[in-house]
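Structure, as structure tokens:
The values are calculated or read from the model by the stated rules, or taken from the named source; none is laboratory data. The shown structure was predicted, so the numbers you read here are calculated from the model rather than taken from an experiment. Cβ atoms come from the backbone with ideal geometry, glycine included; neighbour counts cover every protein chain shown. Accessible surface areas use protein heavy atoms only, side chains included; no ligands, DNA or RNA. Shrake-Rupley method; radii C 1.70, N 1.55, O 1.52, S 1.80 Å.
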Amino acid sequence: MNSRMSVVLNKFKTRITSYPPGMCPLVLYRSLLQMSMNQSCGKCVPCRDGLAEVDGLFSLILKGEGSQEILDKMKRLCLMIAQTSDCAVGVVAANMVLDSMAEFEDEYQSHINSRRCVESFVQTIPCVTLCPAHVNVPGYVALIKEGRYADAINLIRDKNPFPTACAMVCEHPCENKCRRSIIDEPINIRGLKKFAVDQVNAREVVPPKANVKTGKKIAIVGGGPSGLTCAYYLALMGHKAVVFEEHQKLGGMLRYGIPEYRLPKEKLDDDIEVLVKAGDIEIKCGTKVGRDITFEELKKNYDAVYLGIGAQLGNRMPIENADLPNVIPAADFLQNVAKGEPMDLKGKRVVLIGGGNVAMDAARTAARLNAATIHVFTRKRDDMTALPSEIRSAMQEGVRFRTLLSFLHIEANKETGLAQAVWLQPQIVGPYDKNGMMTTEHSSAYPYRFVCDVLILGVGQRSDSESFEKAGVPVERGRILADEACQVQNMDGVFSGGDCVTGPSTAINAIAAGQVAAYNIDEYLGYHHKVECDIKIPGALPNNCVPTGRAMIEERDPFERVCDFAHVEIPMVEEEGKREAGRCLRCDHYGCGCMVGGKGE
């Protein structure tokens, strides 16, 4: 009986997980309240009767029959239940409703005053909505199923000009609410994208034809994913894009921040070569704005300016000895390796502070540089923000992890002038904060000394924005101030997006910002261009709801791959890729709103 119930509850959990974007938040909270009501044992009145009464009031609000008096009564009732229930079932349920009143106050008021949601909610296609660039995922998955790999690549390019790079390094937020989860597991969307570019090299797929030239010229500062994406779409619209890149090669952190074993640079070049030939794009590498050309010159000589400078400078901790030669930020460490200037780690003991993806890249790179030991320390379990797959791969390659340790200081060797140890303070967990993050406090255990030969700081990155700030660009805490349209505050014709605005983020977020900026720059210049996508998407067949295993991207043996920087992932075979594509439920056709980008057959 217990095993059967476990199966049922797991299926219920997956349904909650796959709640679609666009769902009215009050409907969601009422369904969670009803689930709590079913958990009540019935012994205490506040939980047994109180939650049912709250549900009745909730029902009136959702029907458009609510009032401020009903909302106030509902709040008082929830406060009483939270304070008097005997166990967590009633307390947590009531607090959940109270949290919804604070978080979605505008929704409650709209249901009471206007008898509707704040916006016209419709269930959107989960994978498309959650992809920052809004790539037509069901469309290109359907094309892959039909074996039309080149068309799939061009459909991806409709929103994202880096199909190969994203196939290898994207964090695939599109999978988070995949409706296939209701049946078994999410579609392996990143895996299918990689399968497509493994079948057909992106260099061989011709992008859409550029529009007639407009005579407008836009300066793009930064040749990373954000800047190049902006240049690509502006060029397709018919404008001239001039890219100013500080380094000798394009790619930004895709080239200088992501190790070769995850993203071979020849594969990155596949995307970049197609991108720069898509239209009128001029590249000026080895040119730094503020050193070789001024920001004022760009504003004067170009019709618009886009700042996509990224966040490539590694942070150092503001503590003594953080500037010693063998203490290095993780971003700097990775860039040195990418430039062919790696540290000599053979036989050395490496300590890494931080648990993000950059920290994992640095730890796995250190393993390939023959470090004797690699220890990763974080203060909280929440600090392990890297993808679970990256953490698992690092563990397989010999990286050791420990959480609940706060970093105190660096001990220097007075004779060599190098860091020789770090001091760590054990922590204990505390309550969660208002954002749901775990808090910690010092344990009564004594601090202890951990010997190391190299200390890598994976504690974030920042933008090289100082010269722009001096030129009058509004900057706050190292970030350029720009709105959702990528328009820089109080600067006509100047746009910015990506990591230099949001802080360090993912490649797909930077690509999305570049796309948004391109369309808004086009509007600013007085146009309303559309980049046409003439790919015909196969029609949807009846849903295949038979539970089926998810195809995974396998990696080379850990003991083999840790010895070199060759790409770690093993390509899917054809039948595997097509079978995985066949698991797609085609939410662009069934159960969601209308689809855009690509034409159905």
Cleavage-rule hits, trypsin sites (Lys or Arg not before Pro), segment 310-379, DSSP coil, Cβ neighbours within 10 Å at most 13: Lys339, Lys346
Chymotrypsin sites (Phe, Trp or Tyr not before Pro) within segment 200-294, DSSP loop, no more than 16 other Cβ atoms inside 10 Å: none
Rounded Å value of the spacing that divides the Cα centres of segment 460-477 and segment 128-193: 34 Å
Kirkwood hydrodynamic radius (C-alpha pairs) into Stokes-Einstein, segment 156-222, 37 °C and 0.692 mPa s, D in µm²/s: 224 µm²/s
Percent of C-alpha pairs per 5 Å bin, segment 216-353, short to long: 2, 9, 17, 19, 16, 13, 10, 7, 4, 2, 1, 0
Dipole magnitude of segment 184-331, debye to nearest 20 (Cβ charges: Lys/Arg +1, Asp/Glu -1, about Cα centre): 460 debye
Among Val573, Cys563, Pro547 - extreme Cα towards positive end, dipole of segment 546-586, charges at beta-carbon: Pro547
Residues with amide H under 5 Å from that of Phe401, placed H, sequence gap 5 or more: Val376
Dipole moment magnitude, nearest 20 debye, the chain about Cα centre, only Lys, Arg, Asp, Glu C-beta charged: 920 debye
Under the Debye formula (equal points on every Cα, no solvent term), log10 I(q)/I(0) of segment 476-589 at q = 0.21 Å⁻¹: -1.07
Note, ³J(HN,Hα) from phi for segment 206-218, Karplus 6.51, -1.76, 1.60, rounded to Hz, x at Gly and Pro: 6, x, x, 6, 6, 5, 4, 5, 9, x, 8, 10, 10
Against the rule of thumb 2.2 N^0.38 Å, how large the Cα Rg of segment 369-526 comes out: 1.40
Reported label for calculated Cα extents along the principal axes in Å given [x] 101, 46, 46; [y] 77, 55, 46; [z] 72, 67, 54: [z]
Vicinal HN-Hα couplings computed from phi for segment 351-366 (Karplus, 6.51 cos²θ - 1.76 cosθ + 1.60; Hz; Gly/Pro x): 10, 10, 9, x, x, x, 5, 5, 5, 5, 4, 5, 5, 6, 5, 4
Helical contribution to [θ] at 222 nm, DSSP H n ≥ 4, -39,500 (n - 2.57), averaged over the chain, rounded to 500: -11500 deg cm²/dmol
Cut-off under 5 Å, modelled amide H: who pairs with Ala412 long-range: Gln420
Gap separating the Cα centres of segment 49-89 and segment 94-116, nearest whole Å: 12 Å
Packing-based ranking, highest mean first, of 91-103, 532-544 given that Cβ atoms within 10 Å are counted: 91-103, 532-544
Candidate aspartates and glutamates for bridging to Lys284, where Cα separation is under 20 Å - those fewer than 8 sequence places away on the same chain excluded: Glu245, Glu246, Asp269, Asp270, Asp271, Glu273, Asp292, Glu296, Glu297, Asp303, Asp464
Lys, Arg +1 and Asp, Glu -1 on Cβ, resulting dipole of segment 54-176 about Cα centre, debye, nearest 20: 320 debye
Stokes-Einstein D in µm²/s, Kirkwood radius over Cα pairs - segment 113-232 at 4 °C with 1.567 mPa s viscosity: 80 µm²/s
Residue-by-residue Karplus 3J(HN,Hα) for segment 481-489, coefficients 6.51, -1.76, 1.60, Hz, glycine and proline x: 8, 9, 8, 5, 8, 6, 7, 5, 4
Listed residue (Val459, Tyr448, Ala513) projecting farthest to the positive dipole end of segment 429-521, Cβ model: Tyr448
Descending semi-axes in whole angstrom, ellipsoid equivalent of segment 60-123, from the Cα gyration tensor: 25, 13, 9
Residues whose placed amide H lies under 5 Å from that of Leu313, excluding near-sequence neighbours: Arg462, Asp464
Accessible-area order (highest first, 1.4 angstrom probe) of the listed residues Asp453, Asp271, Asp588: Asp453, Asp588, Asp271
